[in-house]
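The structure under discussion appears below in the form of structure tokens.
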Amino acid sequence: MKNRKILLTEQEIPEKWYNIVHDMPNKPLPPLHPGTREPIGPEALAPLFPMELIKQEVTTEKWVDIPEEVRDVYKLWRPTPMYRAFGLEALLDTPAKIYYKYEGVSPSGSHKPNTAVAQAYYNKQEGVKRITTETGAGQWGSALSFACQHFGIECEVYMVKISYQQKPYRKVLMNTWGATVHASPTDLTEAGRKILAQDPDSPGSLGIAISEAVERAATDENTKYALGSVLNHVLMHQTVIGLEAVKQMEKAGEMPDIVVAPFGGGSNFAGISFPFLRLNLEEGRNIRCIAAEPASCPKLTRGVFRYDFGDTVGMTPLLPMYTLGHTFVPAPIHAGGLRYHGAGVVVSQLLKDKLIEARAHDQVECFEAGVLFARAEGILPAPETNHAIATAIQEARKCREEGVSRTILIHLCGHGHFDLAAYENYLSGNLEKHEITSEEIAAAIARIDTPAIR
Ligand SMILES: *Cc1c(COP(=O)(O)O)cnc(C)c1O
């Protein structure tokens, strides 16, 4: 009988983050200035981010040291456990071997503190007094509140209004860690007032909340901004997950054939998959890495690869990414963390180059998968995480049909303890399917006014 749980010691927490940009056959295209549309250098980001994070954003060094102070905070919950999903395998009656890496053991219940702690640390080093940010489902806001509290920095969170209403307890968690939380759009910023003038009942979106948080940081000298996904440095910080996972798989005497993770902006997907992609790029292995996204916000499977803004109002640099257009407001599905119009630059380039894959799932299918997982394995996954479980279940069923055994690694990036209202909705049969039409997608994409990328 093989072990159910594969653990590492504190000493095995990685000492460096892995920067996949070093190994990419095609490097990411440069960001463009939102006004002039000329390539911008790192100095353009200086009003928003501390210098060290800007350096990390543009570096092509393969390995970046994790500061001792950051590793020390990581020790509160890292290394995170990996499990063999014997229960799920049995329930699916599949020859596949299924493993999952569980990030729900962090203080805020997801992978987000891996980067929040690093970002708060570098801001503290450079004397920043306050950090603003946006949050969708509340997971990023909670993680940053925890990290800011640890390093004695003020934290101001713009929370997407629909989530603020659906998840009041995430707000309480942020308040407990000392943060101020606003329901976005607010009347505190130009960006928020502009949206409210157009639509007083706007449910908000991540893009709108980003506009508000960026504006606050850009207009106050002692305030910086932090992003919980999308950017290169954020994706790099998350690679502690995959670096641990590679060691754990080796300990189990296995290597995955398939790695699956849910996809919002790309940080948890990058975190688990980049260290495995490194093995593909360096050793010619053929580990399939699949990003699972919602059918109602399908930028990877139905979006276009274009320069687009990261926010709704158009204040951020233009980034080359898979996008549904920065004005796209997805349906208010429960996986709030996946309601973002675009994908990170690095993951977008990898998808363009066919080094990774993507798949979309409807939310009803995702909750079916999540409930199945909870019954088989005990852990209640976050609604975002359910997308990866849905992909893994499809792959495990394919193994049964084909009569082959493959090893599947699921990124269980967060627990769903704050999402019980969503589960209640599903269990009482009130959850709706939310697929968008090709016309809606075409209309949103038509509003992008940047030229196609050759
Ligand atoms: C934030 C979040 C996501 C989506 O963001 P990524 O940057 O794509 O990881 C997915 N799952 C959970 C649990 C999250 O908290």
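In the stretch 247-265, how many residues are surrounded by fewer than 20 Cβ atoms within 10 Å (Cβ to Cβ) and in contact with a helix residue (DSSP H, G or I) (Cβ under 8 Å, 6 or more places away or on another chain)?
2
Return the only residue of L350, L409, L431 being among the aliphatic types (A, V, I, L, M), buried (at least 20 other Cβ atoms within 10 Å of the Cβ) and part of a loop (DSSP other than H, G, I, E, B).
On inspection, the qualifying residue turns out to be L431.
Considering only residues that are in a loop (DSSP other than H, G, I, E, B) and in contact with a strand residue (DSSP E or B) (Cβ under 7 Å, 6 or more places away or on another chain), look in the stretch 434-451 and name the one that is nearest to L32 (Cα to Cα).
Going through the qualifying residues, I end up with T450.
For every residue, the table says whether it meets (1) of a type outside the set (G, A, S); (2) out of contact with any helix residue (DSSP H, G or I) (no Cβ under 9 Å at 6 or more places or on another chain); (3) not in a helix (DSSP H, G or I).
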residue	(1), (2), (3)
G104	no, no, yes
A118	no, no, no
K124	yes, no, no
G127	no, yes, yes
T132	yes, no, yes
V157	yes, no, yes
L173	yes, no, no
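If you check L29 against the conditions, is it of a type in the set (A, V, I, L, M), under 27 Å from N386 (Cα atoms) and surrounded by fewer than 21 Cβ atoms within 10 Å (Cβ to Cβ)?
For L29, the condition - of a type in the set (A, V, I, L, M), under 27 Å from N386 (Cα atoms) and surrounded by fewer than 21 Cβ atoms within 10 Å (Cβ to Cβ) - is not met.
Are any of the residues in the stretch 255-268 aliphatic (A, V, I, L, M), in contact (Cβ under 8 Å) with a residue 12 or more places away in the chain, more than 16 Å from the ligand (Cβ to nearest atom) and not in a loop (DSSP other than H, G, I, E, B)?
Yes, some residue in the stretch 255-268 is aliphatic (A, V, I, L, M), in contact (Cβ under 8 Å) with a residue 12 or more places away in the chain, more than 16 Å from the ligand (Cβ to nearest atom) and not in a loop (DSSP other than H, G, I, E, B).
Go through (1) farther than 23 Å from P47 by Cα; (2) within 16 Å of the ligand (Cβ to nearest atom); (3) in contact (Cβ under 8 Å) with a residue 60 or more places away in the chain and name the single condition S142 misses.
Condition not satisfied by S142: (3).
Those residues that are out of contact with any strand residue (DSSP E or B) (no Cβ under 9 Å at 6 or more places or on another chain) and touching a residue at least 60 places away in the same chain (Cβ under 8 Å), I need them from the stretch 344-382; list them, please.
Of everything in the stretch 344-382, those that are out of contact with any strand residue (DSSP E or B) (no Cβ under 9 Å at 6 or more places or on another chain) and touching a residue at least 60 places away in the same chain (Cβ under 8 Å) turn out to be V346, D353, V364, F367, L372, R375, A376, G378.
Restricting the stretch 238-254 to residues that are polar (S, T, N, Q) and within 13 Å of the ligand (Cβ to nearest atom), which is nearest to T133 (Cα to Cα)?
Q238
Please determine, by comparing only the residues of the stretch 320-336 that are within 16 Å of the ligand (Cβ to nearest atom) and touching a Ser or Thr at 6+ places or on another chain (Cβ under 8 Å), which one is modelled with the lowest pLDDT.
Checking each candidate, the answer is G336.
Output the residue which, of all residues in the stretch 220-237 that are in contact (Cβ under 8 Å) with a residue 24 or more places away in the chain and assigned to a loop (DSSP other than H, G, I, E, B), is nearest to the ligand (Cβ to nearest atom).
Result: S229.
Six or more apart or on different chains, Cβ under 7 Å: which pairs go from a residue in the stretch 405-420 that's among the aromatic types (F, W, Y) to one that's near the ligand (Cβ under 9 Å from one of its atoms)? Could you list them?
F418/G138
If you take the residues in the stretch 154-188 that are surrounded by 24 or more Cβ atoms within 10 Å (Cβ to Cβ) and β-branched (V, I, T), which one is farthest from Y423 (Cα to Cα)?
V157
Mind checking which residues of the stretch 41-81 are in contact (Cβ under 8 Å) with a residue 60 or more places away in the chain, part of a helix (DSSP H, G or I) and charged (D, E, K, R)?
Hits for the stretch 41-81 are E52, E57.
Each row is one residue, and each column tells you yes or no for (1) within 16 Å of the ligand (Cβ to nearest atom); (2) at pLDDT 95 or above; (3) surrounded by 22 or more Cβ atoms within 10 Å (Cβ to Cβ).
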site	(1), (2), (3)
D72	no, yes, no
A85	no, yes, yes
K97	no, yes, no
P113	yes, yes, yes
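Does Y340 count as outside any loop (DSSP other than H, G, I, E, B), among the aromatic types (F, W, Y) and either out of contact with any Asp or Glu (no Cβ under 7 Å at 6 or more places or on another chain) or modelled with pLDDT under 95 (or both)?
Judged against the criteria, Y340 is not a match.
Of all residues in the stretch 137-152, count the ones that are in contact with a Lys or Arg (Cβ under 6 Å, 6 or more places away or on another chain) and not in a helix (DSSP H, G or I).
1
Look at P107 and say whether it is within 14 Å of the ligand (Cβ to nearest atom), over 17 Å from S211 (Cβ atoms) and surrounded by fewer than 24 Cβ atoms within 10 Å (Cβ to Cβ).
yes
Tally up the residues in the stretch 196-213 that are buried (at least 24 other Cβ atoms within 10 Å of the Cβ) and in contact with a helix residue (DSSP H, G or I) (Cβ under 8 Å, 6 or more places away or on another chain), please.
So the answer is 4.
Can you tell me which of (1) of a type in the set (D, E, K, R); (2) over 18 Å from the mean Cα position of the chain (by Cα); (3) within 12 Å of the ligand (Cβ to nearest atom) is the one E384 doesn't meet?
Of (1) of a type in the set (D, E, K, R); (2) over 18 Å from the mean Cα position of the chain (by Cα); (3) within 12 Å of the ligand (Cβ to nearest atom), only one is false for E384: (2).
The values are calculated or read from the model by the stated rules, or taken from the named source; none is laboratory data. Quick caveat, the model's predicted, so the values are computed rather than measured. Neighbour counts run over all protein chains shown; Cβ positions are idealised from the backbone, glycine included.
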